[in-house]
Amino acid sequence: MIRRLVITVVLAALTLTAFGCDGGGGNGERVDGQGSPTPAATATATVAPTQTPPATTTVSPEEEVEAAYLRYWDAYSQALLDLNPALVEGVAAGEELQRIQEEIDGLRSQGLALRVDVSHKFLVVDMTSDSATLYDEITNNSFYVDAETKEPGQASGSGEILKDTFYFQKISGDWKVVRSTRQR
């Protein structure tokens, strides 16, 4: 509302300057003291845009862990498809990083890669300032592909429900999975 009022006042001032105060020339020109026409004065106005304060979103520690968990799965999925353990170094550490490296070595030795297709149903079950535990019931529809061609592009998975627990540590300010266990 205030912005609209400021714009209206500025436009009115511009209109008066350009047409209402033309010094008698009637055509938007002013006549100087010598009787010679001079260009009409131009008004310039700077209208500052109304600024809305930036939205402050507070992320809870649980939400930080959940976001780190989803980043872990993105990196883990790509690492298993590309057979590249370096892709998980930013999201996994310790035992978990070692487990993933061994899993990739096993796939590579068979000439396979894994196209990960999972859905999650997870919950942070324990949390301190530098550690967290997350439980996930994963519906697994992942399937093996050729390590080189990455074919087939689509396949049906088993739909098996995996019940995994992931253990996180805050390392250098980032949440990383350091270990995982599976219920048998």
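For segment 156-168, what does the Karplus curve 6.51 cos²θ - 1.76 cosθ + 1.60, with θ = phi - 60°, yield as ³J(HN,Hα) per residue in whole Hz, taken in order and with x for Gly and Pro?
Using θ = phi - 60°, the values come out as 8, x, 7, x, 4, 9, 9, 10, 10, 10, 10, 10, 10 Hz.
According to the square roots a ≥ b ≥ c of the eigenvalues of the Cα gyration tensor, what is the shape class of segment 102-184, taking rounded for a/c under 1.5, prolate for a/b larger than b/c otherwise, and oblate for the remainder?
Judged from the Cα gyration tensor, segment 102-184 comes out prolate (a/c at least 1.5, a/b above b/c).
At a Förster distance of 45 Å, what's the computed FRET efficiency of Asn84 paired with Thr56, Cβ-Cβ distance as r, to 0.05?
0.75
Amide H to amide H, which residues 5 or more places from Asn141 or on other chains are under 5 Å from it, using H placed in the peptide plane?
Asp117, Val118, Ser119, Gly159
Per residue of segment 71-85, what does 6.51 cos²θ - 1.76 cosθ + 1.60 with θ = phi - 60° give for ³J(HN,Hα)? Whole Hz please, x for Gly and Pro, Karplus curve as stated.
Values per residue, Gly and Pro as x: 5, 4, 5, 4, 5, 4, 4, 5, 5, 6, 6, 8, 6, 10, x Hz.
In segment 59-126, which GluC sites (Glu not before Pro) fall in coil by DSSP and have 15 or fewer other Cβ atoms within 10 Å?
Taking segment 59-126 and a limit of 15 other Cβ atoms within 10 Å, the loop GluC sites (Glu not before Pro) found are Glu89.
Among Ile171, Ile138, rank each residue by its count of other Cβ atoms within 10 Å, from fewest to most, as a rough exposure measure.
Ranking Ile171, Ile138 by Cβ neighbours within 10 Å, fewest first, gives Ile171, Ile138.
With a/c under 1.5 counting as rounded, go ahead and sort segment 105-147 into rounded, prolate or oblate using the C-alpha gyration tensor (a ≥ b ≥ c being the square roots of the eigenvalues; past the cut-off, prolate if a/b is larger than b/c, else oblate).
Because a/c hits 1.5 or more and a/b fails to exceed b/c, segment 105-147 counts as oblate.
Quick one: which residues, 5+ away or cross-chain, put their amide H under 5 Å from the amide H of Glu89? H built at 1.01 Å from N.
Excluding prolines and chain starts, which carry no amide H, there are no hits.
With label points built 7 Å along Cα→Cβ from the Cα atoms of Lys163 and Ser129, find their separation and express it in nm.
Reported label-point gap for Lys163 and Ser129 is 3.4 nm.
Which is farthest toward the positive dipole end of segment 113-184 among Ser156, Asn140, Ser172, measuring Cα position about the Cα centre, with Cβ charges +1 (Lys, Arg) and -1 (Asp, Glu)?
Ser172
Test of understanding: ordering Phe122, Phe143 by Cβ neighbours within 10 Å, fewest first, what list do you get?
Phe143, Phe122
Every number here is computed from the coordinates shown, using simple stated rules; none is lab data. Keep in mind that what you see is a predicted model, and the values were worked out from it rather than measured. Positions of Cβ are backbone-derived with ideal geometry, glycine not excepted, and every protein chain shown enters the neighbour counts.
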